[in-house]
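Data block below; observations after.
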Amino acid sequence: MRDKEFACRCCNANPDNRRGFIAGAVAALVAVGSALRPSTALAAGDAIRDAAPQPGDFLTWQAKSKRGPHLTLDDLKMNARQLVALPVDPASGTVRDGSRFNQIMLTRLDTGELDEATLARSAEGVVAYSAMCTHDACPVSSWDGDTRQYVCPCHQSRFDATAGGNLVSGPAYRPLPALPLRLSGNGELVVDAPFTARVGGGR
Ligand code: FES
């Protein structure tokens, strides 16, 4: 009789067993939740790393040994070879290094040398362009300081840093996509708008 009073009506189980079952189920759910959370966080992290430069992003060195500090105006010497940078998500501090198409060339030039549109996109003379050639997407790694032109070593396409990355010569199809910049109150370089065109090779 006593056993019958304490038995569960739906499953005929002892209440102690039911409590054990519920506790076990809750523990299992917690375990599943814990197992899922890291992968969800990883996926979110990957999405941030893969995303193209966003307005408000800071910039840091592409070289892993120097990554971390935000680039400022003072990190760029006038008319020196391009510095290759990556965008940094300001909310999480994540470097957007998930795609090579996120590599950005920075060059500091005299503001008087820049055409009107290039000047408007620059941060006190610092211009930014995609580092991927618009021919076959080689890294544009050379600089001709005399002509203010970027030179792609793969097939010698040349691009004018003072005039919107316009194609000067070579087999590339388009100007280099430009990345508008501004300065933060602390003198850090900040992305002001997305790339002006599709990044990568091809028409
Ligand atoms: S990939 Fe740059 S010129 Fe061909």
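Just so you know, all these numbers are worked out from the coordinates, no wet-lab data involved. Being a predicted model, the structure only gives us computed values, none of them experimental. Reconstructed Cβ throughout: ideal geometry from the backbone, glycine too, with neighbour counts over all protein chains shown.
Computed from the Cβ-Cβ distance with R0 of 41 Å, the FRET efficiency linking residue 44 to residue 80 stands at 0.65. How much net charge surrounds residue 84 when only the other residues with a Cβ under 13 Å from the Cβ of residue 84 are counted, with Lys and Arg +1 and Asp and Glu -1? That sum, taken over residues with Cβ under 13 Å, equals +3.
A Förster distance of 45 Å, applied to the separation of the beta-carbon atoms of residue 73 and residue 136, puts the FRET efficiency at 0.85. Across every direction, the projection of the convex hull enclosing the Cα atoms of segment 58-191 has a mean area of 7.8 nm². Extension gain, residue 119 to residue 156: 0.36 nm times the residue separation minus the Cα-Cα distance gives 10.7 nm.
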